[in-house]
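Values quoted throughout were computed directly from the atomic coordinates according to the rules given, and no laboratory measurement underlies them. In this text, all values refer to a predicted model and were calculated from it rather than measured experimentally. When we count neighbours, we look across all protein chains shown, and the Cβ atoms used for this are built from the backbone with ideal geometry, even at glycine.
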Amino acid sequence: MVAELLIVVAIIGVLVAISIPIFTSQLEKAREATDISNIRAAYAEVTADYLTNGGKSKTATVAARQKQSGWQNSQNGKLNARVNGVSVAISVPAKTTGNYTVSINKSGTVKVE
């Protein structure tokens, strides 16, 4: 009886030890997806303001949520966008602290820092 209980506890311990790194990895991917989503929303905000206010420059700031440096997900920090009808791929730096700043200047060039 005690031996069976020890085996069950050992199996549960092994399953927990295997699942924690997988869970942590999925949490980081979710944080990265949140960062990209927030940057897209900031991009939409600055672009809409740029178009509505006659080409004035605009800046928006969103917080970085990642805990690990570098991009782990499939998007690899790329944001596909359209500026003045032209498709552009904006490279987004991975940040573990601070904020992302999305800005558009008077000529319509979008920059993410």
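When peptides 21-28, 63-70 are ranked by their average number of other Cβ atoms within 10 Å per residue, the highest-first order is 63-70, 21-28.
Springs between Cα atoms under 10 Å define the GNM used for the chain, and in it the highest mean-square fluctuation of Val92, Val46, Val14 occurs at Val14. P(r) for the chain, from all Cα pairs and a bin width of 5 Å, is 2, 11, 18, 17, 12, 9, 7, 5, 5, 4, 4, 3, 2, 1, 1, 0 %, short bins first.
Helical runs assigned H by DSSP (4 residues or longer) give the chain a calculated mean residue ellipticity at 222 nm of -17000 deg cm²/dmol, each run adding -39500 (n - 2.57) before division by the residue total. Compared with the alpha-carbon gap, the fully stretched path from Ile22 to Lys56 is longer by 7.7 nm at 0.36 nm per residue. The order of Ile18, Ile90, going from fewest to most other C-beta atoms within 10 Å of their C-beta, is Ile18, Ile90. Tally Lys and Arg at +1 and Asp and Glu at -1 over the other residues with C-beta under 10 Å from the C-beta of Ser57: what net charge comes out? Overall, the nearby charge balance is +2. Looking at the chain alone, DSSP beta bridges between its own residues are antiparallel in about 100 percent of cases.
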